[in-house]
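Accompanying notes for the structure given below.
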Amino acid sequence: MNILLTGGAGYIGSHTLIELISEHHSVVVVDNLSNSNKESLTRVEQITGVKIPFYEADIRDRDALEVVFSAHNFDCCIHFAGLKAVGDSVTHPWEYYDNNIGGTLVLVDVMRKHGCKNIIFSSSATVYGEPSMIPITEECPKGHCTNPYGWTKWMIEEILTDLHTADVKKDDSNPWNVVLLRYFNPIGAHKSGLIGENPNGIPTNLMPYITQVAVGKLDKLHVYGNDYNTPDGTGVRDYIHVVDLARGHVKALQAIENNCGIAVYNLGTGKGYSVLDVVHAFEEANSVQIPYVIEQRRPGDVGICYSASDKAFIELGWKAHYDIVDMCRDSWKWQKMNPNGYESL
Ligand code: NAD
Ligand code: WQD
(Lines give C-alpha, C1' and ligand atoms only; values in the text may rest on other atoms or scores of the structure.)
(Ligands and ions follow the chains in the order given, each with its own letter.)
Protein backbone atom coordinates (compact mmCIF):
# COMPACT_ATOMS: atom_id res chain seq x y z
CA MET A 1 0.00 0.00 0.00
CA ASN A 2 0.97 3.67 -0.37
CA ILE A 3 1.04 5.01 3.14
CA LEU A 4 1.42 8.46 4.66
CA LEU A 5 3.00 8.51 8.10
CA THR A 6 2.37 11.73 9.98
CA GLY A 7 4.86 12.04 12.82
CA GLY A 8 6.99 9.38 11.14
CA ALA A 9 10.29 10.82 12.42
CA GLY A 10 9.23 10.19 16.04
CA TYR A 11 9.84 7.25 18.33
CA ILE A 12 7.00 4.94 17.30
CA GLY A 13 6.79 6.29 13.75
CA SER A 14 10.44 5.57 12.94
CA HIS A 15 10.12 1.97 14.18
CA THR A 16 6.90 1.53 12.21
CA LEU A 17 8.62 2.77 9.06
CA ILE A 18 11.06 -0.14 9.23
CA GLU A 19 8.32 -2.73 9.66
CA LEU A 20 6.25 -1.26 6.81
CA ILE A 21 9.24 -1.19 4.47
CA SER A 22 10.14 -4.77 5.36
CA GLU A 23 6.61 -5.74 4.27
CA HIS A 24 7.15 -3.85 0.96
CA HIS A 25 4.82 -0.94 1.61
CA SER A 26 5.65 2.49 0.13
CA VAL A 27 5.87 5.20 2.72
CA VAL A 28 5.99 8.98 2.81
CA VAL A 29 6.69 10.89 6.03
CA VAL A 30 5.29 14.24 7.10
CA ASP A 31 6.72 15.63 10.34
CA ASN A 32 7.36 19.15 11.64
CA LEU A 33 10.27 17.85 13.76
CA SER A 34 8.80 19.57 16.83
CA ASN A 35 9.71 16.54 18.93
CA SER A 36 12.09 14.62 16.70
CA ASN A 37 15.25 14.80 14.69
CA LYS A 38 15.62 14.14 10.98
CA GLU A 39 18.54 11.90 11.86
CA SER A 40 15.99 9.21 12.85
CA LEU A 41 14.99 8.99 9.18
CA THR A 42 18.61 8.83 8.06
CA ARG A 43 19.08 5.92 10.46
CA VAL A 44 15.96 4.18 9.13
CA GLU A 45 17.40 4.59 5.63
CA GLN A 46 20.66 3.07 6.89
CA ILE A 47 18.81 0.08 8.39
CA THR A 48 16.46 -0.56 5.46
CA GLY A 49 18.54 0.64 2.50
CA VAL A 50 15.43 2.51 1.30
CA LYS A 51 15.22 6.27 0.71
CA ILE A 52 12.31 7.79 2.66
CA PRO A 53 10.37 10.61 0.97
CA PHE A 54 10.12 13.27 3.69
CA TYR A 55 8.18 16.54 3.96
CA GLU A 56 9.06 18.81 6.85
CA ALA A 57 5.58 20.19 7.43
CA ASP A 58 3.02 20.81 10.11
CA ILE A 59 -0.24 18.91 9.72
CA ARG A 60 -2.11 22.08 10.65
CA ASP A 61 -0.70 23.67 7.48
CA ARG A 62 -3.38 22.90 4.90
CA ASP A 63 -1.35 24.24 1.96
CA ALA A 64 1.61 22.07 2.88
CA LEU A 65 -0.62 18.98 3.10
CA GLU A 66 -2.16 19.85 -0.27
CA VAL A 67 1.32 19.73 -1.78
CA VAL A 68 1.93 16.29 -0.26
CA PHE A 69 -1.44 14.86 -1.30
CA SER A 70 -1.11 16.28 -4.81
CA ALA A 71 2.23 14.51 -5.26
CA HIS A 72 1.15 11.07 -3.95
CA ASN A 73 -1.85 8.77 -4.09
CA PHE A 74 -2.24 7.42 -0.59
CA ASP A 75 -4.22 4.31 0.30
CA CYS A 76 -3.98 4.96 4.02
CA CYS A 77 -2.62 7.38 6.61
CA ILE A 78 -1.03 6.20 9.84
CA HIS A 79 -1.44 9.22 12.04
CA PHE A 80 1.22 9.48 14.75
CA ALA A 81 1.71 13.26 14.72
CA GLY A 82 0.84 14.80 18.04
CA LEU A 83 2.20 16.25 21.24
CA LYS A 84 2.38 13.61 23.96
CA ALA A 85 3.79 14.95 27.24
CA VAL A 86 1.13 14.56 29.91
CA GLY A 87 2.48 17.20 32.35
CA ASP A 88 3.16 19.69 29.56
CA SER A 89 -0.43 19.31 28.40
CA VAL A 90 -1.64 20.45 31.83
CA THR A 91 0.39 23.67 31.59
CA HIS A 92 -0.21 24.18 27.84
CA PRO A 93 -3.72 22.86 27.17
CA TRP A 94 -4.44 25.19 24.24
CA GLU A 95 -1.29 24.04 22.45
CA TYR A 96 -2.33 20.40 22.88
CA TYR A 97 -5.89 20.89 21.68
CA ASP A 98 -4.69 23.02 18.77
CA ASN A 99 -1.90 20.69 17.69
CA ASN A 100 -3.54 17.33 18.24
CA ILE A 101 -7.19 18.05 17.50
CA GLY A 102 -6.68 21.02 15.15
CA GLY A 103 -4.01 19.07 13.27
CA THR A 104 -6.22 16.00 12.92
CA LEU A 105 -9.14 18.09 11.62
CA VAL A 106 -7.01 19.62 8.87
CA LEU A 107 -5.45 16.25 8.04
CA VAL A 108 -8.75 14.37 7.64
CA ASP A 109 -10.24 17.23 5.63
CA VAL A 110 -7.37 17.16 3.13
CA MET A 111 -7.50 13.35 3.10
CA ARG A 112 -11.19 13.22 2.19
CA LYS A 113 -10.76 15.87 -0.50
CA HIS A 114 -8.18 13.62 -2.09
CA GLY A 115 -10.34 10.50 -1.73
CA CYS A 116 -8.19 8.84 0.94
CA LYS A 117 -10.54 7.85 3.75
CA ASN A 118 -8.49 5.20 5.52
CA ILE A 119 -6.78 6.12 8.77
CA ILE A 120 -4.98 4.31 11.57
CA PHE A 121 -4.81 6.50 14.66
CA SER A 122 -2.34 6.41 17.57
CA SER A 123 -4.65 6.36 20.53
CA SER A 124 -3.73 5.42 24.05
CA ALA A 125 -4.77 3.35 27.04
CA THR A 126 -5.12 6.74 28.68
CA VAL A 127 -8.66 6.96 27.18
CA TYR A 128 -9.77 4.30 29.69
CA GLY A 129 -9.03 6.73 32.57
CA GLU A 130 -9.26 4.81 35.86
CA PRO A 131 -10.18 1.52 34.16
CA SER A 132 -13.38 -0.15 35.26
CA MET A 133 -11.95 -3.62 34.53
CA ILE A 134 -8.54 -5.33 34.66
CA PRO A 135 -7.35 -6.66 32.30
CA ILE A 136 -8.75 -3.88 30.09
CA THR A 137 -10.67 -5.14 27.07
CA GLU A 138 -11.78 -2.87 24.23
CA GLU A 139 -15.29 -3.18 25.71
CA CYS A 140 -14.16 -1.27 28.79
CA PRO A 141 -15.92 2.10 28.68
CA LYS A 142 -13.77 5.12 28.00
CA GLY A 143 -13.20 6.95 31.25
CA HIS A 144 -12.43 10.36 32.64
CA CYS A 145 -9.00 11.56 31.51
CA THR A 146 -6.85 13.36 34.05
CA ASN A 147 -5.10 15.68 31.61
CA PRO A 148 -5.64 17.56 28.30
CA TYR A 149 -3.35 15.18 26.41
CA GLY A 150 -5.62 12.27 27.32
CA TRP A 151 -8.69 14.25 26.31
CA THR A 152 -7.20 14.94 22.88
CA LYS A 153 -6.95 11.18 22.29
CA TRP A 154 -10.45 10.66 23.70
CA MET A 155 -11.92 13.35 21.45
CA ILE A 156 -10.05 12.41 18.29
CA GLU A 157 -11.44 8.88 18.69
CA GLU A 158 -14.93 10.42 18.78
CA ILE A 159 -14.26 12.68 15.78
CA LEU A 160 -13.01 9.82 13.60
CA THR A 161 -15.89 7.58 14.70
CA ASP A 162 -18.41 10.32 13.81
CA LEU A 163 -16.89 10.70 10.34
CA HIS A 164 -17.42 7.01 9.70
CA THR A 165 -20.93 7.00 11.17
CA ALA A 166 -22.02 9.95 9.03
CA ASP A 167 -20.79 8.19 5.88
CA VAL A 168 -22.73 5.06 6.74
CA LYS A 169 -25.90 7.06 7.42
CA LYS A 170 -25.71 8.78 4.06
CA ASP A 171 -24.80 5.54 2.27
CA ASP A 172 -21.49 6.96 1.04
CA SER A 173 -19.93 4.62 -1.51
CA ASN A 174 -16.45 5.32 -0.06
CA PRO A 175 -16.94 5.46 3.71
CA TRP A 176 -14.16 6.11 6.21
CA ASN A 177 -12.30 3.13 7.61
CA VAL A 178 -10.84 3.99 10.97
CA VAL A 179 -8.57 1.84 13.14
CA LEU A 180 -8.08 3.16 16.67
CA LEU A 181 -4.98 1.59 18.21
CA ARG A 182 -4.83 2.04 21.95
CA TYR A 183 -1.18 1.68 22.91
CA PHE A 184 -0.21 0.64 26.40
CA ASN A 185 3.36 1.55 27.48
CA PRO A 186 5.82 1.37 24.58
CA ILE A 187 9.49 0.96 25.53
CA GLY A 188 12.54 -0.69 23.93
CA ALA A 189 14.25 0.14 20.68
CA HIS A 190 15.25 -1.39 17.37
CA LYS A 191 17.78 -4.18 17.87
CA SER A 192 20.42 -2.29 15.88
CA GLY A 193 20.56 0.37 18.62
CA LEU A 194 20.41 3.00 15.86
CA ILE A 195 16.93 4.34 16.62
CA GLY A 196 15.08 4.73 19.90
CA GLU A 197 13.23 7.08 22.19
CA ASN A 198 14.78 10.56 22.31
CA PRO A 199 13.02 12.60 25.00
CA ASN A 200 13.67 16.31 25.37
CA GLY A 201 15.04 17.30 28.77
CA ILE A 202 14.51 15.17 31.86
CA PRO A 203 12.33 12.18 30.94
CA THR A 204 8.94 11.84 32.57
CA ASN A 205 8.38 8.22 31.50
CA LEU A 206 9.86 5.34 33.44
CA MET A 207 12.15 3.58 30.95
CA PRO A 208 13.98 6.62 29.57
CA TYR A 209 14.46 7.77 33.15
CA ILE A 210 15.98 4.40 34.08
CA THR A 211 18.31 4.38 31.08
CA GLN A 212 19.51 7.89 31.92
CA VAL A 213 20.26 6.75 35.48
CA ALA A 214 22.12 3.76 34.04
CA VAL A 215 24.20 5.94 31.72
CA GLY A 216 25.02 8.34 34.58
CA LYS A 217 23.07 11.39 33.39
CA LEU A 218 20.68 11.19 36.37
CA ASP A 219 21.70 10.00 39.81
CA LYS A 220 18.70 7.94 40.92
CA LEU A 221 15.20 6.92 39.99
CA HIS A 222 12.27 8.39 41.92
CA VAL A 223 9.63 5.69 42.33
CA TYR A 224 6.23 7.33 42.55
CA GLY A 225 4.44 5.53 45.34
CA ASN A 226 4.75 2.09 46.96
CA ASP A 227 1.31 2.04 48.56
CA TYR A 228 -0.81 0.95 45.59
CA ASN A 229 -2.84 -2.22 45.82
CA THR A 230 -0.26 -4.19 43.82
CA PRO A 231 2.07 -7.06 44.83
CA ASP A 232 4.97 -4.72 45.78
CA GLY A 233 2.95 -1.52 46.15
CA THR A 234 4.40 0.20 43.06
CA GLY A 235 2.37 1.01 39.93
CA VAL A 236 1.74 -1.78 37.43
CA ARG A 237 1.79 -1.20 33.66
CA ASP A 238 1.67 -3.17 30.43
CA TYR A 239 5.04 -2.44 28.81
CA ILE A 240 5.25 -3.34 25.14
CA HIS A 241 8.32 -3.49 22.91
CA VAL A 242 8.12 -0.69 20.35
CA VAL A 243 8.96 -3.14 17.54
CA ASP A 244 5.96 -5.31 18.51
CA LEU A 245 3.86 -2.16 18.58
CA ALA A 246 5.17 -1.15 15.15
CA ARG A 247 4.21 -4.57 13.75
CA GLY A 248 0.71 -4.03 15.12
CA HIS A 249 0.34 -1.16 12.63
CA VAL A 250 1.32 -3.39 9.73
CA LYS A 251 -1.34 -5.89 10.86
CA ALA A 252 -3.89 -3.11 11.26
CA LEU A 253 -3.59 -2.43 7.54
CA GLN A 254 -5.43 -5.73 7.04
CA ALA A 255 -8.44 -4.28 8.84
CA ILE A 256 -8.33 -1.29 6.49
CA GLU A 257 -8.08 -3.60 3.46
CA ASN A 258 -11.11 -5.51 4.75
CA ASN A 259 -13.14 -2.27 5.00
CA CYS A 260 -13.39 -2.52 8.76
CA GLY A 261 -15.47 0.62 9.28
CA ILE A 262 -14.53 1.39 12.86
CA ALA A 263 -12.15 -1.01 14.58
CA VAL A 264 -10.58 -0.58 17.99
CA TYR A 265 -7.63 -2.62 19.23
CA ASN A 266 -5.55 -2.61 22.36
CA LEU A 267 -1.85 -2.99 21.63
CA GLY A 268 -0.32 -4.41 24.78
CA THR A 269 1.19 -7.67 25.96
CA GLY A 270 -1.56 -8.54 28.44
CA LYS A 271 1.03 -8.69 31.24
CA GLY A 272 1.52 -6.19 34.05
CA TYR A 273 4.89 -5.30 35.58
CA SER A 274 5.43 -3.07 38.58
CA VAL A 275 7.98 -0.25 38.65
CA LEU A 276 10.28 -2.39 40.79
CA ASP A 277 9.81 -5.39 38.45
CA VAL A 278 11.09 -3.19 35.64
CA VAL A 279 14.01 -1.91 37.72
CA HIS A 280 15.04 -5.44 38.63
CA ALA A 281 14.56 -6.77 35.09
CA PHE A 282 16.73 -3.91 33.79
CA GLU A 283 19.44 -4.61 36.36
CA GLU A 284 19.49 -8.32 35.54
CA ALA A 285 19.31 -7.93 31.77
CA ASN A 286 22.11 -5.38 31.63
CA SER A 287 24.23 -6.03 34.76
CA VAL A 288 23.91 -2.43 35.94
CA GLN A 289 22.57 -1.03 39.20
CA ILE A 290 19.64 1.40 39.28
CA PRO A 291 19.58 3.28 42.59
CA TYR A 292 16.11 4.46 43.53
CA VAL A 293 14.15 6.23 46.24
CA ILE A 294 10.46 5.90 47.02
CA GLU A 295 8.46 9.12 46.67
CA GLN A 296 4.83 10.16 47.00
CA ARG A 297 2.39 8.99 44.35
CA ARG A 298 2.44 11.07 41.14
CA PRO A 299 -0.87 12.96 40.76
CA GLY A 300 -3.06 11.50 38.02
CA ASP A 301 -1.42 8.03 38.06
CA VAL A 302 -3.55 4.91 38.24
CA GLY A 303 -2.35 1.92 40.28
CA ILE A 304 -2.83 -0.84 37.72
CA CYS A 305 -3.23 -0.71 33.96
CA TYR A 306 -2.79 -3.68 31.66
CA SER A 307 -4.53 -4.91 28.58
CA ALA A 308 -6.45 -7.87 27.36
CA SER A 309 -4.85 -8.19 23.94
CA ASP A 310 -6.85 -11.14 22.58
CA LYS A 311 -8.92 -9.09 20.15
CA ALA A 312 -5.91 -8.02 18.08
CA PHE A 313 -4.75 -11.64 18.02
CA ILE A 314 -8.10 -13.10 17.02
CA GLU A 315 -8.92 -10.50 14.37
CA LEU A 316 -5.49 -9.45 13.11
CA GLY A 317 -3.25 -12.34 14.09
CA TRP A 318 -1.09 -9.90 16.04
CA LYS A 319 0.51 -10.51 19.38
CA ALA A 320 3.58 -9.23 21.15
CA HIS A 321 6.68 -11.45 20.96
CA TYR A 322 9.28 -9.60 23.00
CA ASP A 323 9.42 -9.90 26.77
CA ILE A 324 10.45 -7.45 29.47
CA VAL A 325 14.09 -8.61 29.34
CA ASP A 326 14.23 -7.90 25.59
CA MET A 327 12.69 -4.48 26.22
CA CYS A 328 15.25 -3.63 28.92
CA ARG A 329 18.17 -4.90 26.84
CA ASP A 330 17.17 -2.97 23.72
CA SER A 331 16.39 0.26 25.61
CA TRP A 332 19.83 0.10 27.18
CA LYS A 333 21.61 -0.66 23.90
CA TRP A 334 20.04 2.43 22.30
CA GLN A 335 20.94 4.64 25.28
CA LYS A 336 24.50 3.32 25.50
CA MET A 337 25.13 3.80 21.79
CA ASN A 338 23.47 7.26 21.83
CA PRO A 339 23.99 8.79 25.28
CA ASN A 340 22.62 12.12 24.04
CA GLY A 341 20.05 10.66 21.67
CA TYR A 342 20.30 11.92 18.11
CA GLU A 343 22.07 15.04 19.34
CA SER A 344 25.27 13.10 20.11
CA LEU A 345 26.52 13.34 16.52
P1 NAD B 1 7.01 11.34 19.30
O2 NAD B 1 6.91 12.68 19.89
O3 NAD B 1 8.34 10.69 19.28
O4 NAD B 1 6.45 11.36 17.79
C5 NAD B 1 5.44 12.25 17.39
C6 NAD B 1 5.93 12.96 16.15
O7 NAD B 1 4.92 13.86 15.68
C8 NAD B 1 7.19 13.78 16.39
O9 NAD B 1 8.16 13.43 15.44
C10 NAD B 1 6.73 15.24 16.22
O11 NAD B 1 7.75 16.04 15.68
C12 NAD B 1 5.56 15.06 15.27
N13 NAD B 1 4.55 16.12 15.35
C14 NAD B 1 3.93 16.60 16.45
N15 NAD B 1 3.03 17.54 16.10
C16 NAD B 1 3.08 17.65 14.75
C17 NAD B 1 2.42 18.46 13.81
N18 NAD B 1 1.51 19.37 14.18
N19 NAD B 1 2.70 18.30 12.49
C20 NAD B 1 3.63 17.39 12.10
N21 NAD B 1 4.30 16.61 12.95
C22 NAD B 1 4.04 16.74 14.26
O23 NAD B 1 5.94 10.41 20.02
P24 NAD B 1 5.72 8.85 19.90
O25 NAD B 1 6.04 8.25 21.23
O26 NAD B 1 6.37 8.30 18.69
O27 NAD B 1 4.15 8.82 19.77
C28 NAD B 1 3.50 8.74 18.51
C29 NAD B 1 2.01 8.85 18.73
O30 NAD B 1 1.59 7.82 19.61
C31 NAD B 1 1.57 10.16 19.38
O32 NAD B 1 0.35 10.57 18.82
C33 NAD B 1 1.38 9.78 20.84
O34 NAD B 1 0.44 10.60 21.48
C35 NAD B 1 0.87 8.36 20.70
N36 NAD B 1 1.10 7.53 21.89
C37 NAD B 1 2.37 7.46 22.41
C38 NAD B 1 2.60 6.70 23.55
C39 NAD B 1 3.96 6.63 24.18
O40 NAD B 1 4.05 6.28 25.35
N41 NAD B 1 5.05 6.91 23.46
C42 NAD B 1 1.53 6.00 24.14
C43 NAD B 1 0.26 6.10 23.58
C44 NAD B 1 0.07 6.87 22.44
C1 WQD C 1 4.94 4.17 34.36
C2 WQD C 1 5.00 3.83 35.85
C3 WQD C 1 4.78 5.76 37.25
C4 WQD C 1 8.51 7.67 36.01
C5 WQD C 1 2.23 7.66 30.29
C6 WQD C 1 1.05 8.45 29.82
C7 WQD C 1 0.22 7.63 28.89
C8 WQD C 1 1.06 7.04 27.75
C9 WQD C 1 2.32 6.41 28.23
C10 WQD C 1 0.81 8.36 25.83
C11 WQD C 1 3.99 4.59 36.69
C12 WQD C 1 6.15 5.15 37.41
C13 WQD C 1 7.45 6.80 36.15
C14 WQD C 1 9.39 7.84 37.10
C15 WQD C 1 8.12 6.26 38.36
N16 WQD C 1 1.48 8.04 26.85
N17 WQD C 1 7.27 6.10 37.30
N18 WQD C 1 9.17 7.12 38.23
O19 WQD C 1 2.16 7.11 33.34
O20 WQD C 1 1.75 4.71 32.62
O21 WQD C 1 1.77 6.49 30.94
O22 WQD C 1 3.01 7.27 29.14
O23 WQD C 1 -0.31 8.09 25.54
O24 WQD C 1 -0.77 8.47 28.42
O25 WQD C 1 0.28 8.82 30.95
O26 WQD C 1 3.89 5.85 31.97
O27 WQD C 1 6.33 5.63 32.05
O28 WQD C 1 5.27 7.72 32.98
O29 WQD C 1 4.98 5.58 34.21
O30 WQD C 1 7.96 5.64 39.40
O31 WQD C 1 10.34 8.64 37.03
O32 WQD C 1 6.30 4.24 36.35
O33 WQD C 1 4.30 6.24 38.47
O34 WQD C 1 3.57 3.74 37.72
P35 WQD C 1 2.32 6.06 32.35
P36 WQD C 1 5.18 6.26 32.76
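Some notes on this structure:
- Residue within segment 19-27 that is more than 13 Å from ligand 1 (Cβ to nearest atom), out of contact with any helix residue (DSSP H, G or I) (no Cβ under 9 Å at 6 or more places or on another chain) and either under 25 Å from residue 258 (Cβ atoms) or aliphatic (A, V, I, L, M) (or both) present: yes
- Within segment 325-338, tally of residues that are surrounded by 14 or more Cβ atoms within 10 Å (Cβ to Cβ) and more than 16 Å from ligand 1 (Cβ to nearest atom): 6
- In segment 88-130, of all residues being of a type in the set (Phe, Trp, Tyr) and surrounded by 15 or more Cβ atoms within 10 Å (Cβ to Cβ), the one that is nearest to ligand 2 (Cβ to nearest atom) corresponds to 128.
- Picking from residues in segment 289-314 that are more than 23 Å from residue 132 (Cα to Cα) and buried (at least 16 other Cβ atoms within 10 Å of the Cβ), the one that is farthest from ligand 2 (Cβ to nearest atom) is 290.
- All strands (runs of 3 or more DSSP E) inside segment 153-258 with 1 or more residues being surrounded by fewer than 18 Cβ atoms within 10 Å (Cβ to Cβ) and modelled with pLDDT of 95 or more: 221-224
- Remark: pairs (first residue in segment 107-124, closer than 14 Å to residue 256 by Cβ and modelled with pLDDT of 95 or more; second residue in a helix (DSSP H, G or I) and within 16 Å of ligand 2 (Cβ to nearest atom); Cβ separation under 7 Å; 6+ apart in sequence or on different chains) = 120/249; 121/156.
- Some residue of segment 2-15 being in contact with a strand residue (DSSP E or B) (Cβ under 8 Å, 6 or more places away or on another chain), of a type in the set (Val, Ile, Thr), within 24 Å of residue 259 (Cα to Cα) and open to solvent by less than 30 Å² (accessible area, probe 1.4 Å): yes
- Qualifying residues in segment 30-57 (those that are open to solvent by less than 30 Å² (accessible area, probe 1.4 Å) and more than 9 Å from ligand 1 (Cβ to nearest atom)) - the one farthest from residue 108 (Cα to Cα): 43
- Total residues in segment 122-150, condition out of contact with any helix residue (DSSP H, G or I) (no Cβ under 8 Å at 6 or more places or on another chain) and part of a helix (DSSP H, G or I): 2
- Within segment 278-288, tally of residues that are open to solvent by less than 50 Å² (accessible area, probe 1.4 Å) and touching a residue at least 40 places away in the same chain (Cβ under 8 Å): 7
- Among the residues of segment 265-277, the one identified as touching a helix residue (DSSP H, G or I) at 6+ places or on another chain (Cβ under 8 Å), open to solvent by 10 Å² or more (accessible area, probe 1.4 Å) and of a type in the set (A, V, I, L, M) is 275.
- Taking first residues from segment 128-139 that are hydrophobic (A, V, I, L, M, F, W, C) and partners that are modelled with pLDDT of 95 or more and not in a strand (DSSP E or B), the Cβ contacts under 6 Å between residues at least 6 apart in sequence or on separate chains come to 133/140; 136/128.
- Check on residue 315, at pLDDT 95 or above, over 19 Å from residue 214 (Cα atoms) and touching a His at 6+ places or on another chain (Cβ under 6 Å): no
- In the set 91, 126, 104, only one residue is of a type in the set (Val, Ile, Thr) and more than 12 Å from ligand 1 (Cβ to nearest atom); that residue is 91.
- Subset of segment 140-190 [away from ligand 1 (no atom under 16 Å from the Cβ), touching a residue at least 24 places away in the same chain (Cβ under 8 Å) and of a type in the set (A, V, I, L, M, F, W, C)]: 163, 168, 176
Here is a yes/no grid of residues against (1) in a helix (DSSP H, G or I); (2) within 21 Å of residue 17 (Cα to Cα); (3) over 17 Å from the mean Cα position of the chain (by Cα):
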{"site": "60", "(1), (2), (3)": "no, no, yes"}
{"site": "83", "(1), (2), (3)": "no, yes, no"}
{"site": "111", "(1), (2), (3)": "yes, yes, yes"}
{"site": "120", "(1), (2), (3)": "no, yes, no"}
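The values are calculated or read from the model by the stated rules, or taken from the named source; none is laboratory data. A quick note: this is a predicted structure, and the numbers were derived from the prediction, not measured. When we count neighbours, we look across all protein chains shown, and the Cβ atoms used for this are built from the backbone with ideal geometry, even at glycine. The accessibility values were calculated without ligands, DNA or RNA, using every heavy atom of the protein model including side chains. Shrake-Rupley method; radii C 1.70, N 1.55, O 1.52, S 1.80 Å.
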